[in-house]
Amino acid sequence: MTEMTYRQALHDTIRAEMLRDERVFLIGEEIGVFEGSYKITTGLLAEFGPRRVRDTPICEEGFVGAAIGAAMLGLRPIVEIMTINFSLLAIDQIVNHAAKMHAMFGGQVSVPLVIRMPGGGGQQLGATHSQNIEVYYAHVPGLKVVAPSTPADAKGLLAAAVRDDDPVLIVENLALYNTRGDVPDGDHVLEIGTAAIAKEGTDITVVAYSRAAAIAVDVARRLEDEGISIEVVDLRSLRPLDRSTICASVRKTTRAVVLEDDWLSYGVGAEIAATIQEGAFDFLDAPVRRVAAAEVPLPYAKSLESAALPDAAALVKVVHDTLDATRFGR
Amino acid sequence: MPRLSDTMTEGTIVRWLKHPGDLVKKGDVLVEIETDKATMDLEAYEEGILKAILVGQGETVPIGRPIAVIGVGDETASPATTAPSSSVEAAALSPTVPSAPASELPEPTAIAPESSRRDLDPTPMSPPVFMAAPLATLTSPLARSLAKRNDIDLDTITGSGPGGRIVRADVEAAIACLAPPNASSENPNSATPDEAALTRRPSTSEDDVEEIPLTTIRRLTAERLSESAKAPHFSLTSVVDAEPLLALRSEINESLTTDRERISVTDLLLKACATTLRAHPEVNAAWGVDKILRHRRINIGIAVGLPDGLVVPVVHDVDRLSLTEIAHEAHLLAERARAGRLLLEDIGGGTFTLSNLGMFGVDHFTAVINPPQAAILAVGVAKPEAVVRRGQVVARTTMKATLSIDHRILDGATAAKFLADLVRLLEHPLGIVT
């Protein structure tokens, strides 16, 4: 075990995979000479050279398309899209090509592509640079979408993604890059499609992923002092979704709240809530609640931005509301 | 009937100028109304068809009473129109119909989502629960399945969740009440002077009376008490010298390590009752209608008062537990009772019941038997009293123990022997721990 930042875990895993498999190469904006907009790919151009670390112009549709082609022909690209916001420029390539090639070609070709992209707001980057639109991709059959919340999971899921023969989107989060955690040494590969019980509990289930999972664990620890035992389910994968872990938890606790950074309507939480009522209906003592971002384009002004993003206080309130609705502790 | 003058309280219909079926335009005079001051014309406020006249010529009604109905649907429109509503309010629910003349259809009013709690502050980030007006009692899925498994009729339960929803806690409370509760009460026949005064003076207005709906616990308790009233009760009281018992308690508590629960008087009483019941198996019995049932195990229920009512969790096999084990178990049960989380096994299987009202300063009381048990022990406060020892009046800390018995199961002599042995044990309490 080594303690390191989320950023470091990503960096080290990319490097380890490039060393392990010479078909792995990197492509994206500013990843080489600039060493990465968020410094994930520091030193890799120097180590592996320009054939394996390719800087591109600002042309998401172009370089994602090129990566898809490369993957179809046997390479294993790791694409970096600077933020998930810019993926919209390549959404046709991702959804109509990467996701569907394998099926539409009758299995003749695979697309072992990895696209890494951070999402999230809170850095005053404005409405078009602060979105959490991973749900757009989680909706698409043919794609896999993962969202690690800890450095250890970043390593495990990235390694799994590179080795997966299907296109995998890794949704990182700007707010998580500097967080620290223990990371297993050596080969550490998680199974895509498995959620983790980040904290065990008995009174209420909080389902979350990425930054929200980190918040949920923190809230869970604090509320222990109030005598509330929260079980945190960290999804880790949005597609495939680990429905059985979610439902097993709610069957145990009988109460559920989703914490998500995306907007409420039609968000990831909507799928979680539907899953819970399908899989744990007879065990629900209260409706499933969702805590999400306010449905506005994210403001630039810091005070407004903070008000629009879901935070620990919002989660605490809804946890209390749900417990009260079931006369918990009376 | 509109208020046509500021002193008007009622109006009389003089003459209707429009009749059902007439098209009415805004401003048309509908009717002549006689007020306290003069006869005045009432003009239509809205355009529509006069559907019905509710108050006829010559009738007088107070202001505010509907006198006519004007509809806004057009019955003569194309067949694609759905049946027009008969009142302006009902029009809110009618579907928008493309072919009806736009001027005659009101804006469809959305059915506003009813917040499930009046004090909810819906932020855009965590929506309130949208609930349609319930057609039946709301029940959470969990409560429903728990009730089904325990054969509880949901109609007998009052929900305490939002909007009156029945939640698990309510069903568990109902389950807890299936065990006969112990209602420690005075002789029901004697009313206090205040009560008597109230019954003599009937309430003259609704303000004098506050109606409190029965909670599940309260209703089931009442049913149980009524059932218990069938058993012919008699009671025996003894005064117990409590000093040796209290001294033993202090000594034990001092010797305990810090993480153990303190022994209470109730714990000592439980153990003493268990020991005495072991020696008097005829008291550890129940009424079986055509037979008497003697229980082999000694399971003693402890009356726990909750805001909602009384529950009686049971400590099983008290005679086989040590004092510290009894204390631990009693403590756990009381906590679970207060949290409303008693399990079915916590409240079932009692063979005898103990009620201690000493902490409320009650000297003496006669408890009502827990049917179908044979007996119940009621214990009062331990306090210094003047007693006679060797011809002298001295102060001793004493407490009164009252045994209520079902006369169908036990006679006076048998019960008295039990009580005597119990008192002797309490006054020589080392026997409790040996």
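The values are calculated or read from the model by the stated rules, or taken from the named source; none is laboratory data. Everything quoted here is computed from the prediction, not taken from an experiment. Every residue, glycine among them, receives a Cβ derived from its backbone with ideal geometry; neighbour counts consider all protein chains shown.
Pairs linking a residue in region A:294-323 that is not assigned by TED's automatic domain parsing to the domain that holds A:Asp262 to a residue that is of a type in the set (S, T, N, Q) and modelled with pLDDT under 95, with Cβ atoms under 7 Å and 6 or more positions apart or on different chains, do not occur.
Selection within region B:322-358: residues that are under 24 Å from the mean Cα position of the chain (by Cα) and among the charged types (D, E, K, R). The member of this set that is farthest from the other protein chains (Cβ to nearest Cβ) is B:Glu345. Residues considered: A:Gly28, A:Gly36, A:Gly32. Of these, the only one that is over 25 Å from A:Leu190 (Cβ atoms), small (Gly, Ala, Ser) and either modelled with pLDDT of 95 or more or buried (at least 17 other Cβ atoms within 10 Å of the Cβ) (or both) is A:Gly32.
Screening region A:309-327 for residues that are at the interface with another protein chain (Cβ under 8 Å from one of its Cβ atoms) and part of a loop (DSSP other than H, G, I, E, B) and picking the one that is modelled with the lowest pLDDT gives A:Arg327. A:Leu190 satisfies every condition listed in (1) touching a residue at least 12 places away in the same chain (Cβ under 8 Å); (2) surrounded by fewer than 19 Cβ atoms within 10 Å (Cβ to Cβ); (3) assigned to a loop (DSSP other than H, G, I, E, B) except (2). Could you please let me know if A:Phe48 is aromatic (Phe, Trp, Tyr), out of contact with any Pro (no Cβ under 8 Å at 6 or more places or on another chain) and free of Cβ contacts under 8 Å to residues at least 60 places away in the same chain? The answer is yes for A:Phe48.
For region B:29-58, the set of residues classified as surrounded by fewer than 15 Cβ atoms within 10 Å (Cβ to Cβ) and part of a loop (DSSP other than H, G, I, E, B) consists of B:Asp36, B:Lys37, B:Ala38, B:Tyr45, B:Glu46, B:Leu54, B:Gly56, B:Gln57, B:Gly58, listed by residue number. Of all residue pairs spaced 6 or more apart or on separate chains, those with beta-carbon atoms under 6 Å, a first member in region B:141-160 that is at the interface with chain A (Cβ under 7 Å from one of its Cβ atoms) and a second member that is of a type outside the set (A, V, I, L, M, F, W, C) are B:Pro141/A:Asp282; B:Leu142/A:Thr254; B:Leu142/A:Asp285; B:Leu142/B:Arg168; B:Ala143/B:Arg168; B:Ser145/A:Asp282; B:Ser160/A:Arg327; B:Ser160/B:Asp170. Close contacts from region A:96-111, counting a first residue that is surrounded by 13 or more Cβ atoms within 10 Å (Cβ to Cβ) and a second that is hydroxyl-bearing (Ser, Thr, Tyr) and not in a helix (DSSP H, G or I), with Cβ to Cβ under 6 Å and a gap of 6+ residues or different chains, come to A:His102/A:Ser110. Being acidic (Asp, Glu) and under 21 Å from the mean Cα position of the chain (by Cα): is that true of A:Asp311 here? It is true that A:Asp311 is acidic (Asp, Glu) and under 21 Å from the mean Cα position of the chain (by Cα).
Residues in region B:256-279 that are within 32 Å of the chain's Cα centre (by Cα) and under 16 Å from B:Ala415 (Cα atoms): B:Cys273 alone. Note on region B:259-274: residues that are polar (S, T, N, Q) and either farther than 12 Å from B:Leu377 by Cα or not assigned by TED's automatic domain parsing to the domain that holds B:Ser355 (or both) amount to 1.
The combined condition, being touching a helix residue (DSSP H, G or I) at 6+ places or on another chain (Cβ under 8 Å), of a type outside the set (Ser, Thr, Tyr), closer than 26 Å to A:His320 by Cβ and surrounded by fewer than 21 Cβ atoms within 10 Å (Cβ to Cβ), is not fulfilled by A:Ile204. One residue stands out in region A:239-292 among those that are assigned to a loop (DSSP other than H, G, I, E, B) and either more than 10 Å from every other protein chain (Cβ to nearest Cβ) or β-branched (Val, Ile, Thr) (or both): the one that is nearest to A:Ala307 (Cα to Cα), namely A:Gly267.
Tell me the residue from B:Val315, B:Val289 that is modelled with pLDDT under 90 and closer than 23 Å to B:Asp406 by Cβ, please.
On the way: B:Val315 fails: modelled with pLDDT under 90.
Only one candidate qualifies: B:Val289.
Within region B:137-151, the set of residues being within 15 Å of B:Gly340 (Cβ to Cβ) and assigned to a loop (DSSP other than H, G, I, E, B) comprises just one member, B:Ser140. Of all the criteria given as (1) touching a helix residue (DSSP H, G or I) at 6+ places or on another chain (Cβ under 8 Å); (2) surrounded by fewer than 23 Cβ atoms within 10 Å (Cβ to Cβ), the one not satisfied by A:Ile78 is (2). Among the residues of region B:238-264, just one is assigned to a helix (DSSP H, G or I), closer than 12 Å to B:Leu323 by Cβ and in contact with a Ser or Thr (Cβ under 8 Å, 6 or more places away or on another chain), namely B:Arg249.
This table checks each residue for (1) among the hydrophobic types (A, V, I, L, M, F, W, C); (2) outside any helix (DSSP H, G or I).
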position: A:Glu47; (1), (2): no, no
position: A:Arg51; (1), (2): no, yes
position: A:Ile58; (1), (2): yes, yes
position: A:Val64; (1), (2): yes, no
position: A:Ala67; (1), (2): yes, no
position: A:Ala71; (1), (2): yes, no
position: A:Val79; (1), (2): yes, yes
position: A:Asp92; (1), (2): no, no
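Within region A:293-308, the set of residues being assigned to a helix (DSSP H, G or I) and facing chain B (nearest Cβ under 10 Å) comprises A:Ala307, A:Ala308. Restricting attention to region B:380-407, the residues that are at pLDDT 90 or above and of a type in the set (Lys, Arg) add up to 3.
Would you confirm whether any residue within region A:207-222 is part of a loop (DSSP other than H, G, I, E, B) and either under 28 Å from A:Pro141 (Cβ atoms) or of a type in the set (A, V, I, L, M, F, W, C) (or both)? For region A:207-222, residues part of a loop (DSSP other than H, G, I, E, B) and either under 28 Å from A:Pro141 (Cβ atoms) or of a type in the set (A, V, I, L, M, F, W, C) (or both): present. For B:Ala334, indicate whether it is surrounded by 15 or more Cβ atoms within 10 Å (Cβ to Cβ) and touching a Leu at 6+ places or on another chain (Cβ under 6 Å). In short, no.
A single entry from B:Ala133, B:Ala169 fulfils the requirement of being at pLDDT 90 or above and either under 21 Å from B:Pro313 (Cβ atoms) or away from every other protein chain (no Cβ under 11 Å) (or both): B:Ala169.
Search region B:260-274 for residues that are among the charged types (D, E, K, R) and pair each with any residue that is part of a loop (DSSP other than H, G, I, E, B) when their beta-carbon atoms are under 8 Å apart and the residues are at least 6 apart or on different chains. So the pair list comes out as B:Arg262/B:Leu256; B:Lys271/B:Leu321. Taking B:Leu377 as the residue in question, decide whether it is under 23 Å from the mean Cα position of the chain (by Cα) and either at pLDDT below 90 or surrounded by 18 or more Cβ atoms within 10 Å (Cβ to Cβ) (or both). Spelling it out, it is not the case that B:Leu377 is under 23 Å from the mean Cα position of the chain (by Cα) and either at pLDDT below 90 or surrounded by 18 or more Cβ atoms within 10 Å (Cβ to Cβ) (or both).
Mind listing whichever residues of region B:287-318 are closer than 22 Å to B:Pro232 by Cβ and either buried (at least 20 other Cβ atoms within 10 Å of the Cβ) or out of contact with any Lys or Arg (no Cβ under 9 Å at 6 or more places or on another chain) (or both)?
Listed by number, the residues that qualify are B:Gly288, B:Val289, B:Asp290, B:Lys291, B:Leu293, B:Arg294, B:His295, B:Gly301, B:Ala303, B:Val312.
Of all residues in region B:398-428, those that are β-branched (Val, Ile, Thr) and surrounded by fewer than 19 Cβ atoms within 10 Å (Cβ to Cβ) total 2.
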